Amino acid sequence: MSKIYVLDTNVLLHNPQALFAFEDNDIVVPFSVIEEIDNQKRRQDEVGRNARLVSQILDGLRGSGRLSEGIALEKGGRIRIELNHQELMDFPKGLEPDKFDNRILAVAFNLSRKGRQPVILVTKDLNLRIKADVLSIPAEDFYNDKVDYHQLYTGTGEIHLTREDLDGFYQQGRLVMNGAFAAFPNQMFVVRSHENPSQSALARYAGGALCPLVNGDAVCWGIRALNKEQKFAMDMLLNDDIKLVTLLGRAGTGKTLLALAAGLEKVLEQRVYTRLLITRPVTPMGDDLGYLPGTKEEKLRPWMQPIYDNLEYLLRDSAEPYDLLDDLRERGTIEMEALTYIRGRSIPKQLILCDEAQNLSPHMIKTLITRVGEGTKIVFTGDPEQIDHPYLDASSNGLSYLVEKLKGEDIAGHVTLVKGERSRVAELGARLL
């Protein structure tokens, strides 16, 4: 039996294509959702863009019939805009009947009371799901673009070899596996001996063989990897054949510092790329400061301060690190850009670093990746356990989604950093608090 899915506003603002994600079931969009979308359409961010896109999709469907009566979708099912929240149910005390969330709840309640089809409310709002449960209305999150964060690909593994195979790995600098075990391209391994587990090596899986790390012990602008995961990360960051790198890890594991050190090495020393382009989402933690005065660069400064801190540390041996950094920015060798201004650009032969990428939706990640031009490398860093976006979590954010979707591609690599190296205090806080 087909089901009726009642969609909340936040689902459509998160992913406008959710209108087509329920196969041959019926989609109901409460009229109050249209009002909320109309209120968001003037925003100059991803939410505003998605609001406008939803309106365009629904306007396009009007050519096939009346939305209030229901329109058949190409891949099955029907979609309609529902008005029956005007026949308000008896609200429990404390629920305001004019509130948008409660009007959406009323639509789901009335449909479940009147029809025979199972009715499910789809919302990313935890409190609305709780209220629906109290009223015996089945409610769930939108799972179409979610991954299982607790089973997320780490990019690392461990393998035990015979003494002969391990000796061959050392002598030939390569060990063909002939399908002896399952591995993803550019997956990193700790290789150990069966006979003597303390005898080990670090390797990368590529082209059906285990290969020793080339850049694991490299020193970039005074920065050297301090643990095996950082060595894995450094090897991928300095490998020009790996065009997309994702680094996950808690605060203090060195994600941003390693990426910036490798970026400076590739841009200033090796001159593989013409520019280091750094971007991060403008998502506040806690109360927002509101509008900031000044030029674009001055407005960006508070959001980019963690990047400035890391760059100033990397340039600490210069006579005037602050002046050098300003000079690099003025010459365009280092550019800091808000994600808002990335759309529409084509970025060739540059190294792009997107920091705090856990605050991006899957669509925003796709938008950024599709800006990558010929000869460009892109690096994403973030911690899915520290998300400030109101509608994203560890499983639905764009960074986790990207890691899971690209783990089988030979030009992509991923490492989850585990050990904190910032300080004992920072490691204690990340681990226990």
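The values are calculated or read from the model by the stated rules, or taken from the named source; none is laboratory data. None of the values given here were measured: they were computed from a predicted structure. Neighbour counts are summed over all protein chains in view; Cβ atoms, including those assigned to glycine, are modelled from backbone coordinates with ideal geometry.
The figures follow:
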quantity: The range 330-358, residues that are farther than 22 Å from ASP309 by Cβ and of a type in the set (Gly, Ala, Ser); calculated: GLY344, SER346
quantity: Single residue of ALA132, ALA183 found to be aliphatic (A, V, I, L, M), in a loop (DSSP other than H, G, I, E, B) and not assigned by TED's automatic domain parsing to the domain that holds TYR401; calculated: ALA183
quantity: Subset of the range 201-221 (residues that are out of contact with any Phe, Trp or Tyr (no Cβ under 9 Å at 6 or more places or on another chain) and small (Gly, Ala, Ser)); calculated: ALA206, GLY207, GLY208, ALA209, ALA218
quantity: Residue match in the range 249-271 (condition: surrounded by 22 or more Cβ atoms within 10 Å (Cβ to Cβ), touching a Leu at 6+ places or on another chain (Cβ under 7 Å) and in a strand (DSSP E or B)); calculated: yes
quantity: Filter pass, ASP125 being under 31 Å from the mean Cα position of the chain (by Cα) and closer than 30 Å to THR340 by Cβ; calculated: yes
quantity: Any chance ASN215 is under 20 Å from ILE378 (Cβ atoms), polar (S, T, N, Q) and surrounded by fewer than 21 Cβ atoms within 10 Å (Cβ to Cβ); calculated: yes
quantity: Leading residue by the ranking (farthest from the chain's Cα centre (by Cα)) among those in the range 395-422 that are within 23 Å of ARG204 (Cβ to Cβ) and of a type in the set (D, E, K, R); calculated: GLU421
quantity: Residue list for the range 141-169, filter: surrounded by 13 or more Cβ atoms within 10 Å (Cβ to Cβ), touching a residue at least 12 places away in the same chain (Cβ under 8 Å) and not in a loop (DSSP other than H, G, I, E, B); calculated: TYR149, THR156, GLY157, ILE159, HIS160, LEU161, LEU166, PHE169
quantity: Subset of the range 115-129 that is in a loop (DSSP other than H, G, I, E, B) and of a type in the set (S, T, N, Q) - its residue that is nearest to PRO384 (Cα to Cα); calculated: THR123
quantity: Residue check for ASP125: within 30 Å of ASP383 (Cβ to Cβ) and crowded, with 19+ Cβ neighbours inside 10 Å; calculated: yes
quantity: Test result for LEU105, surrounded by 12 or more Cβ atoms within 10 Å (Cβ to Cβ), over 30 Å from GLU229 (Cα atoms), under 32 Å from the mean Cα position of the chain (by Cα) and not polar (S, T, N, Q); calculated: yes
